[in-house]
Structures are given as C-alpha cells and as structure tokens.
Amino acid sequence: MFRGIRATVRYTEHTAPLSEEFDTTETGVLTIQQSSPGKVQVKIAFSGSDANTLVLRGQTVEQYYPKLDEIHEYDIRKYRDLAQRLLLLGLGMSGRELAAHYEIGSSRRETIDGQPSIHLELVPKSPEVLRDLKKVELWIADKTDCAVQQKLHFPGGSYKITKFSDIEINPNLPRSAFDLPKHAKRVRMN
C-alpha cells in the first residue's frame, strides 16, 4: 500500500516560443505522505540561490522564503483535488484513478536514465483541466512502479519536465517532516 515517497526532483520549465537556452531549472527534494485516500501532504524543498519550500496540506499551500523569513499562504480550495492529482501522477495514483481522469493513449517500452520504463501518453478527460493542460507523458520505472520522468504539455507549446531520482517508497517520516519555521512571518496571498 502506498503511504508516501521521498525523491530528488529536477524541474525544467520551457516557455514557448523562447528557445531552450532560456529554460529554467530547479532542483530539490519532494516528500509526499498519504495517510488515507484524499488526505495528502506534499513538501518540495528547493535548493540553490532561490531556495524555498512549498508545502501543500488540506486546502492550503504554504511557501517559505528563507531570505525573507516569510511564509506566503494560498487558499487552493477550488483547485485542491486537481493539485493532488497532478502531484500524485505517477507517484501513488492507482491505475483506476489514472483511467478515471485521463484518456490513456499510446504506451511503449523505453529506457530513461538507465531504467527500463513504460512511457504513457495521457490526455485529461476534464474540459476544465484540458484548457490548461493539453497532455501528460509519464515514464514509469519497472523497478519501482513510480515515475522517473513526467512531462506536462501546456497550450501554446510550453512544457515542464520533472525528473525523479533517489526514490524512497514509504519512507519513515518524522511528524515534523512537513513543518515550516514557527518564527517566520505569515502573509495571506489571496
């Protein structure tokens, strides 16, 4: 049973019509804990010069900026289910859930980053989601049954590629794994 995951992530964002030399890349550690279906906590701790930490729990996203010592809070009540589905895509979403939310197009065998994988092409079934997300490509590793790469295609040719490595399935996480500094100033953003 899937209870969570911890992985190193590398996000590359391409904005069309710019050339790939203008792509932005961020790296960090992704931690997901699912205590029950629909009850998910997610933390992405980005490293580098623009280090920040993003935490999703319930209907709130909190983003901590250490240089500012501020936590920006966002109410995502309208988008919570979609956010959770996108974050769990290839990382704990069952095949039944996948088929419920996406048309599963072609699939083929590929090796990505040295890992034998199945490459799936998915198209969102929801017209609302389809307005903002045209297609998803997933590479699911045979060894872990988790995504090693995910590519989200947006209208106009922009895309975002996420590569996953050092994957730990169902890691033992301390209760404090999703905590942000208590001393930081909190700012409501919406």
Q | All positions within the range 109-143 that are over 17 Å from the mean Cα position of the chain (by Cα) and over 18 Å from Glu97 (Cα atoms) | A | Arg109, Glu110, Thr111, Ile112, Asp113, Gly114, Gln115, Pro116, Ser117, Arg131, Asp142, Lys143
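Looking at the range 55-65 only, could you name the residues that are touching a residue at least 12 places away in the same chain (Cβ under 8 Å) and either of a type in the set (A, V, I, L, M) or surrounded by 13 or more Cβ atoms within 10 Å (Cβ to Cβ) (or both)? Quick ask: steps written out before the conclusion?
Going through the range 55-65, the residues touching a residue at least 12 places away in the same chain (Cβ under 8 Å) turn out to be 55-62, 64-65.
Result: Val55, Leu56, Arg57, Gln59, Thr60, Val61, Glu62, Tyr64, Tyr65.
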Q) Could you list, in sequence order, the residues of the range 19-36 that are surrounded by 11 or more Cβ atoms within 10 Å (Cβ to Cβ) and not polar (S, T, N, Q)? A) Asp23, Glu26, Gly28, Val29, Leu30, Ile32
Q: Test each condition in (1) loosely packed, with under 12 Cβ neighbours inside 10 Å; (2) modelled with pLDDT under 90; (3) of a type in the set (Lys, Arg) for Arg109 and report the one that comes out false.
A: (2)
Q. How do the pairs read when you match residues in the range 18-47 that are farther than 18 Å from Cys146 by Cβ and charged (D, E, K, R) with residues anywhere that are assigned to a loop (DSSP other than H, G, I, E, B) and modelled with pLDDT under 95, using Cβ under 6 Å and keeping only pairs 6 or more apart or on different chains?
A. none
Q. Where residues in the range 154-179 are surrounded by 16 or more Cβ atoms within 10 Å (Cβ to Cβ) and not hydroxyl-bearing (Ser, Thr, Tyr), which of them is nearest to Leu130 (Cα to Cα)?
A. Phe154
Q.
All but one of (1) more than 20 Å from Tyr11 (Cβ to Cβ); (2) surrounded by 15 or more Cβ atoms within 10 Å (Cβ to Cβ) hold for Met93; state the number of the condition that does not hold.
A. (1)
Q) When you look at Tyr74, is it surrounded by 12 or more Cβ atoms within 10 Å (Cβ to Cβ), closer than 23 Å to Thr53 by Cβ and hydroxyl-bearing (Ser, Thr, Tyr), yes or no? A) yes
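Is it the case, given these coordinates, that Glu121 is touching a residue at least 40 places away in the same chain (Cβ under 8 Å) and of a type outside the set (Lys, Arg)?
Numbers: touching a residue at least 40 places away in the same chain (Cβ under 8 Å): no; of a type outside the set (Lys, Arg): yes.
No.
The values are calculated or read from the model by the stated rules, or taken from the named source; none is laboratory data. The structure presented is a predicted model; accordingly, all values stated were derived computationally and were not measured. We place every Cβ from the backbone using ideal geometry, glycine too, and count neighbours over all the protein chains shown.
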